[in-house]
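One structure is given below, encoded as structure tokens.
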Amino acid sequence: GGTRLDIISIFPEYFAPLDVSLIGKARERGILDVRLHQLRDWAHDVHKTVDDTPYGGGPGMVMKPEIWGAAIDTVIGDGAPRMIVPTPSGRPFTQELAQELAAEPWLLFACGRYEGIDSRVMLEYGARLRVDEVSIGDYVLAGGEVAVLVMVEAIGRLLPGVLGNVHSAVDDSFAPGAMRNLLEGPVYTKPPVWRGHEVPAVLLSGHHGKVARWRRDEALRRTIANRPDLVAAIDPETLDKRDREL
Ligand code: ADE
């Protein structure tokens, strides 16, 4: 079948958006096999407790290792998925990591809430599986669920057959190749004049070479304006004389 995605969370309802649009279609077509799991199913006290106070003191609660261990053992069986733990203290989620994860046959997402999951869970499974703690950006969400939605959407659209051959991911911002470390420039559709604003003439010229040159210039301009941090990361080998004049 397709790529298998297991997601363990105390809020599986958060993943309702995976039933719609591009990802919903990919699931219907068997490209993606998404399996949601309620972590509390592995909590056996009357209150279905999944968290406890942190050793060493401090605010908030930490998710208990035994519950996570029982859940992960059941979900993976003898298998060895690549395990992703969303956390603001993880390595950055990038288009490059999305590409790498899109090539895996099986991913397991372990969503923490509160102050996070007892660290021994990552240590224990890190000895058996590839485990990555991953952050989607420098801000703090209430839990990993929305971060996993972000990652699943970014990964899902890269799977063969998800984007039709009419639209391909090669021109995306950050795509490997010519767009690496570049933001996509502006786009336009009909009408040619709207409220007095004209579509740039080059796009109506039918000259493919000039259009490509213009798009490249606009991508560089936008990257310089919005992401000066990325400009420093552009490989000078990929810049031509025209680019350097911008
Ligand atoms: N959980 C809370 N904040 C997060 C973030 N920025 N990235 C991934 N998981 C998170």
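Ignoring everything except DSSP H segments at least 4 long, calculate the 222 nm mean residue ellipticity for the chain; use -39,500 (n - 2.57) per segment, divide by total residues, nearest 500. Walk me through the numbers on the way to the answer.
Working: 8 runs with 74 residues, N = 246.
Taking each H run of at least 4 residues, the total per residue is -8500 deg cm²/dmol.
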Average projection area in nm² (convex hull over Cα atoms of the chain, one quarter of hull surface): 18.1 nm²
Ser168, Ser119, Ser173, ranked by accessible area, largest first (probe 1.4 Å): Ser119, Ser168, Ser173
Sequence-distant lysines (8 or more away, or on other chains) whose Cα lies within less than 29 Å of Lys48: Lys64
Reachable aspartates and glutamates from Lys25, criterion Cα separation under 17 angstrom, eight or more residues apart if same chain: Asp33, Glu153
Alpha-carbon gyration tensor eigenvalues x 5, square-rooted, for region 178-243, Å: 26, 14, 8
Percentage relative contact order, the chain, counting C-alpha pairs under 8 Å, at least six apart: 18 percent
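Where the only charges are on Cβ atoms (+1 Lys, Arg; -1 Asp, Glu), what is the dipole of region 1-101 about its Cα centre, to the nearest 20 debye? Intermediate results must be reported in sequence, preceding the final value.
Working: 10 positive and 14 negative charges, 55 e Å.
About 260 debye.
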Distance (nanometres) between label positions extended 7 Å along Cα→Cβ at Glu153 and Glu66: 3.9 nm
3J(HN,Hα) from dihedral phi, region 64-80, Karplus parametrisation 6.51/-1.76/1.60, rounded to Hz, x for glycine, proline: 6, x, 4, 5, 4, x, 5, 5, 5, 4, 5, 5, 8, x, 8, x, 9
Phi to ³J(HN,Hα) by Karplus 6.51 cos²θ - 1.76 cosθ + 1.60 over region 197-208, Hz, x for Gly, Pro: 8, 8, 5, x, 4, 4, 6, 9, 6, x, 9, 4
Partner aspartates and glutamates for Lys210 [C-alpha distance under 19 Å; skip if fewer than 8 residues away on the same chain]: Asp171, Glu184, Glu198, Glu218, Asp240, Asp243, Glu245
Residues of region 108-143 with amide N under 17 Å of a point placed 7 Å along Cα→Cβ from Thr94: 132-138
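The values are calculated or read from the model by the stated rules, or taken from the named source; none is laboratory data. Just so you know, these numbers come straight off a predicted model, no measurement behind them. Note that we place each Cβ from the backbone using ideal geometry, even for glycine, and neighbour counts take in every protein chain shown. Ligands, DNA and RNA are excluded from the accessible area calculation, which covers all protein heavy atoms including side chains. Shrake-Rupley method; radii C 1.70, N 1.55, O 1.52, S 1.80 Å.
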